[in-house]
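The values are calculated or read from the model by the stated rules, or taken from the named source; none is laboratory data. Treat the numbers as computed from the prediction; the structure is a model and nothing was measured. For neighbour counting, all protein chains shown are included, and Cβ atoms are generated from backbone atoms with ideal geometry for every residue, glycine included. Keep in mind that these areas ignore ligands, DNA and RNA; they rest on the heavy atoms of the full protein, side chains included. Shrake-Rupley method; radii C 1.70, N 1.55, O 1.52, S 1.80 Å.
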Amino acid sequence: MSVLLIAEHNNKEVKPFTYNAITAASQIDQDLHVLVIGLNADEVAKSISQVPNVKKVIQVDNEIYANYIAENFTTAIIKQADKYSHIVCSANTFGKNLMPRVAALLDTSQVSDIIKVISSDTFLRPIYAGNAFATVKSNDPKKCVTIRPTSFDPAPTTGGSAEIVKADAADKTETTQFVKREEIKSDRPELGTARVVVSGGRGMQSGENFKLIQQVADKLNAAIGASRAAVDAGYITNDHQVGQTGKVVVPDLYIAVGISGAIQHLAGMKESKVIVAINKDGEAPIFSVADYGLEADLFEALPQFLSELNKLNTIQK
Amino acid sequence: MKILVAVKRVIDYNVQIRVKEDGSGVVTDNVKMSTNPPDDNAVEEAVKIKEAGKATEIVAITVGEEKAQETVRKALAVGADRGIHVKVDGIIEPLAVSKILQKVVEKEKPDLVFMGKQAIDDDCNQTGQMLAALLNWPQATFASRIEVKEKSLEVTREVDEGLETIEVNVPAIVTCDLRLNEPRYASLPNIMKAKKKQIEQINVSDLGVDTNPRIEQIKVEEPPKRKAGIKVANVEELVQKLKNEAKVI
Ligand SMILES: Cc1cc2nc3c(=O)[nH]c(=O)nc-3n(C[C@H](O)[C@H](O)[C@H](O)COP(=O)(O)OP(=O)(O)OC[C@H]3O[C@@H](n4cnc5c(N)ncnc54)[C@H](O)[C@@H]3O)c2cc1C
Ligand SMILES: Nc1ncnc2c1ncn2[C@@H]1O[C@H](COP(=O)(O)O)[C@@H](O)[C@H]1O
């Protein structure tokens, strides 16, 4: 039995969640190989070879992999699939787009978004926006699994020295063309891995008012999150959305401001270690998951919060 | 252009989910059911494309028990022309649904298949990508904008880093995000008219697809509950608690 993990990267750097997925994959089986599909991604292959849990890195390097096109990645994975009992990757938009295409070609029923490895064929996964947990056993000879990265600690990034082998590219698709990518660059920590997240909802009333969130986030070295309603209203871009159909975050501290706490939002943040809710409606469901609830108008509370933070001698970063 | 739209019947998104005590699943008796929300966006987009004169026929399809027809009926009421109900009882996995859809696509020969990006019951996010693989068609997942061109679609996709735009040749599979559009409500006259539209019923056994589950559901349980928190009186107390009690700032 061997496990093949599909690395997520941007040809220069490994995406942090790949390390969380490595932890989960090595719990499935110790013989873990990582597939790096890309263009000029030598640095990525090298970084991954240094992860102690990784036994082998397979690098497929070709210009057809300059951009991430699921059709092209799928055929490259299928070429390697024979030798493996499990094919795994992170359950983020990268893996969600890719893995089912692989699974269907292998005639395998995919297990999506696992939060725990119970044994090599049995996994725990949330269903119904996390309102129920299902223990599922895959009876397919070859298993395709996506991993909820925030449910696993990242693997150590140094100490290993796996061999790196090159493998051939597969055929290029003629039917899908990459056009462009609009990435929002920011100096803040990434939402998925930040220690602190400050999120705003429809209660913020405008994009302009998100300044209040930014100021607090700056002070706490936090990432900024949002509810779907705030994104839909155009207050902030889609990459900030937390929830069932957005990102899952598990920070040490999650501060929900002007967010009512619909189950679809809770699905993305209720595993956070400490939750703070600031809402003027004392009955808002967000208070049912909050460790510290402040019933207040956010337009008064956020400036006060900032000035209280300013009074502190030290703030954890 | 002909568009096939896949709609799934699920527990309504507003319902508080309850887990059965025997661990066999969640309570579905006497629970409000609706169309899976992003599937409404898929129907809406197809109707808009037809209204713009770029599509000729919209066929709505569902796979499920007898009552799943309601979702097709709803699609007919907002503008789909005809419906297909593939009847199958019990749990059916995305892989089996995609094989069923593949058979129907081979017969119906649509140019596009629109689906939701994720069913909110199983949260699988698989069926569209699987269907694309089985048909060897291009896929445009998590779409929040679609532009129909001569023989292709330009699709903006919601990805973790922001937005990505790709162009896919037709025929293609598109899975829709909730931000793609604002689904319309069916008017009463259109609901009446929809009653006359045809829904073809197909028995899954006639399609020759193996729908046996490959995944055993061993048990379904409630997630661990968070312990109750407290309300703080003011911002000073909040900051003090975060600093000295929770020790997170
Ligand atoms: C299939 C599906 C998937 C979904 N996926 C997601 C998802 O991934 N993420 C997500 O977030 N949502 C998701 N939603 C939407 C979700 O159901 C809610 O509609 C959404 O989370 C509500 O956002 P909100 O809390 O910001 O807005 P509202 O529910 O409108 O709440 C606003 C809150 O702000 C408070 N408020 C207003 N003014 C002030 C003030 N001055 N001071 C303090 N408080 C104030 C109000 O009391 C209220 O509680 C999904 C829905 C569906 C159907
Ligand atoms: N039983 C079904 N009948 C019709 N469409 C379905 C069915 N199951 C899944 N789909 C479609 O596939 C999408 C993704 O579902 P899933 O892969 O289960 O998350 C849904 O939004 C539907 O458009």
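Expressed as a whole percent, the proportion of Cα-Cα pairs in the protein assembly as shown lying more than 44 Å apart is 16%.
Largest accessible area first, the residues A:D187, B:D210, B:D22 order themselves as A:D187, B:D22, B:D210 under a 1.4 Å probe with ligands, DNA and RNA left out. The alpha-carbon of A:K280 sits under 14 angstrom from the alpha-carbons of these aspartates and glutamates, leaving out residues fewer than 8 places away in its chain: A:E295, A:D297, A:E300. Averaged over peptide A:223-234, the number of partner chain Cβ atoms lying within 10 Å of each residue's Cβ comes to 1. Sorting the segments A:193-200, A:155-162, A:54-61 by their mean number of nearby beta carbons within 10 angstrom, highest to lowest, gives A:193-200, A:54-61, A:155-162. Mind pulling the angle between the C-alpha long axis of helix B:94-108 and the longest principal axis of chain B? Nearest 10 degrees, somewhere in 0 to 90. Long axis of B:94-108 versus the principal axis of chain B: about 20 degrees.
Which of B:E167, B:E21, B:E237 moves the most in a Gaussian network model of chain B with Cα springs under 10 Å? It is B:E237. Working ranking of peptides A:79-86, A:287-294 by packing, defined as the average number of other Cβ atoms within 10 Å per residue, highest first, is A:287-294, A:79-86. Its residue count N fixes a reference of 2.2 N^0.38 Å for segment B:2-244, and the Cα radius of gyration divided by that reference is 1.15.
The per residue volume of the convex hull around the alpha-carbon atoms of segment B:147-249 is 363 Å³. Calculated accessible area for segment A:196-253 comes out at 32 Å² per residue, all protein chains present (probe 1.4 Å; ligands, DNA, RNA ignored). Would you work out if segment A:149-209 is rounded, prolate or oblate? Take a ≥ b ≥ c from the square roots of the eigenvalues of the alpha-carbon gyration tensor; rounded if a/c is under 1.5, else prolate when a/b is larger than b/c, oblate otherwise. Oblate is the answer for segment A:149-209, as a/c is 1.5 or above yet b/c matches or exceeds a/b. Chain B and chain A together bury an accessible surface of about 7200 square angstrom, both sides counted, with a 1.4 Å probe and no ligands or nucleic acids included.
Prolate is the label for segment A:1-72, because a/c, from the alpha-carbon gyration tensor with a ≥ b ≥ c as root eigenvalues, is 1.5 or above and a/b exceeds b/c. For segment A:219-317, GluC sites (Glu not before Pro) are listed when DSSP marks them as loop and at most 11 other Cβ atoms sit within 10 Å of their Cβ; the list is A:E283. Residue by residue, segment A:125-130 carries 3J(HN,Hα) couplings of 9, x, 10, 6, 6, x Hz when phi is fed to the Karplus relation 6.51 cos²θ - 1.76 cosθ + 1.60 (θ = phi - 60°); x denotes Gly or Pro.
Taking 4 °C and 1.567 mPa s as the conditions, I'd like the Stokes-Einstein D for chain A in µm²/s, using the Kirkwood hydrodynamic radius from alpha carbon pairs.
Roughly 62 µm²/s, to the nearest whole number.
Legend: mean number of C-beta atoms from other chains within 10 angstrom of residue C-beta atoms, peptide A:130-142, equals 6. Among the residues of B:161-174, the average count of other protein chain beta-carbon atoms within 10 Å of the residue beta-carbon is 5.
Computed from the C-beta positions of B:N244 and B:K219, the FRET efficiency with R₀ = 35 Å rounds to 0.30.
Between B:P213, B:P223, B:P138, the GNM of chain B built on Cα springs shorter than 10 angstrom shows B:P223 fluctuating the most. Applied to segment A:232-245, the Karplus parametrisation 6.51 cos²θ - 1.76 cosθ + 1.60 on θ = phi - 60° returns per-residue 3J(HN,Hα) values of 4, 6, x, 5, 7, 7, 4, 5, 8, 5, 10, x, 3, 10 Hz, with x for Gly and Pro. Cross-link reach is defined here as a Cα-Cα straight distance under 18 Å, omitting same-chain residues fewer than 8 places apart; for B:K225 the aspartates and glutamates meeting it are A:D252, A:E271, A:D291, B:E21.
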